[in-house]
Amino acid sequence: MKLVTKLGLGLAVTSFIAFIGCSQAQPTISEESLGLRKVDLYSEDTVVPEETKYNKAAPSSSKTINRAFQDAPPMIPHDVEGMLPITVNNNQCVSCHAPEVAPSLGALPYPKSHMINFRPETSLAKDGKIVKNGKEIDNTSSEKLEYVTIKNINKLNGARFNCSQCHAPQSEGELVGNTFQPDFTNEDGMKKSSWSGSKLTEGLDTLME
């Protein structure tokens with residue numbers, strides 16, 4: 001009998017707590033507050049996306065864009081109409097950004113790292129093993145990057161012909177609020193990269209130990 005009484009009392013207390021919890025007003029989230037559209041989820045036909053507005057300033061007449069972090073690839077601040085897509089045989093970027101002409105045009109020259117071949121000479125030995133720089137290896141992956149070479153070629157490395165792979169035009173306006181504030185390890189990190197060493201990772205502040 002006592003067991004039945006305890007079970008009954010427990011169920012009563014549980015029911016009372018559940019009743020109190022349900023009786024209190026619960027905060028609701030409106031459909032209009034979800035996502036970036038700010039309309040209800042059934043109004044696809046009335047949704048107007050944010051307009052993309054690329055800078056129409058001519059090359060050499062635009063202002064450079066501050067880098068997002070130390071050693072970040074600089075973004076394109078000018079109009080690229082007629083310049084894309086970039087191909088091996090048609091790269092208009094180098095006509096202004098080659099080191100020998102960039103200063104006279106007020107353009108940013110592509111850096112020393114773009115004139116280096118980091119790819120080791122690779123071939124396949126008769127026994128089927130991979131050979132890098134004349135040495136047979138068992139595993140092509142290496143955290144120490146000992147198979148990477150640094151060969152100065154004094155011209156734009158062909159592997160970097162596709163400039164828009166890292167550098168891209170930026171749309172004006174702000175779709176969402178952005179409070180990000182970068183901390184640069186170099187005083188002039190907002191404007192230029194720090195890499196200029198003879199070793200692959202020398203001077204790169206973005207690497208973690």
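The values are calculated or read from the model by the stated rules, or taken from the named source; none is laboratory data. Being a predicted model, the structure only gives us computed values, none of them experimental. Counting neighbours? That spans all protein chains shown, and the Cβs are built from the backbone with ideal geometry, glycine included. Quick note on the areas: whole protein, heavy atoms, side chains included, nothing else; ligands and nucleic acids left out. Shrake-Rupley method; radii C 1.70, N 1.55, O 1.52, S 1.80 Å.
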Within the stretch 179-188, which residues are open to solvent by less than 50 Å² (accessible area, probe 1.4 Å) and among the hydroxyl-bearing types (S, T, Y)?
-> none
Per the list (1) touching a His at 6+ places or on another chain (Cβ under 6 Å); (2) assigned to a helix (DSSP H, G or I), residue check on A107 breaks on (2)
Subset of the stretch 43-75, residues touching a strand residue (DSSP E or B) at 6+ places or on another chain (Cβ under 8 Å) and outside any loop (DSSP other than H, G, I, E, B), comes to Y54
Filtering the stretch 54-75 down to residues that are of a type in the set (D, E, K, R) and open to solvent by 100 Å² or more (accessible area, probe 1.4 Å), which residue is nearest to K191 (Cα to Cα)?
-> K63
Restrict the check to the stretch 76-90 and report whether at least one residue is in contact with a Cys (Cβ under 6 Å, 6 or more places away or on another chain) and open to solvent by less than 40 Å² (accessible area, probe 1.4 Å).
-> yes
When only residues in the stretch 135-154 that are of a type in the set (A, V, I, L, M, F, W, C), at pLDDT below 85 and assigned to a loop (DSSP other than H, G, I, E, B) count, which is nearest to T64 (Cα to Cα)?
-> I150
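Table: residues versus (1) surrounded by 12 or more Cβ atoms within 10 Å (Cβ to Cβ); (2) over 29 Å from N90 (Cα atoms); (3) at pLDDT 85 or above.
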{"site": "L156", "(1), (2), (3)": "yes, no, yes"}
{"site": "R160", "(1), (2), (3)": "yes, no, yes"}
{"site": "S164", "(1), (2), (3)": "yes, no, yes"}
{"site": "G173", "(1), (2), (3)": "no, yes, no"}
{"site": "G177", "(1), (2), (3)": "no, yes, no"}
{"site": "M190", "(1), (2), (3)": "yes, yes, yes"}
{"site": "G197", "(1), (2), (3)": "yes, yes, no"}
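Out of the stretch 140-154, which residues are open to solvent by 100 Å² or more (accessible area, probe 1.4 Å) and within 21 Å of S196 (Cα to Cα)?
Of everything in the stretch 140-154, those that are open to solvent by 100 Å² or more (accessible area, probe 1.4 Å) and within 21 Å of S196 (Cα to Cα) turn out to be K144, E146, K151, N154.
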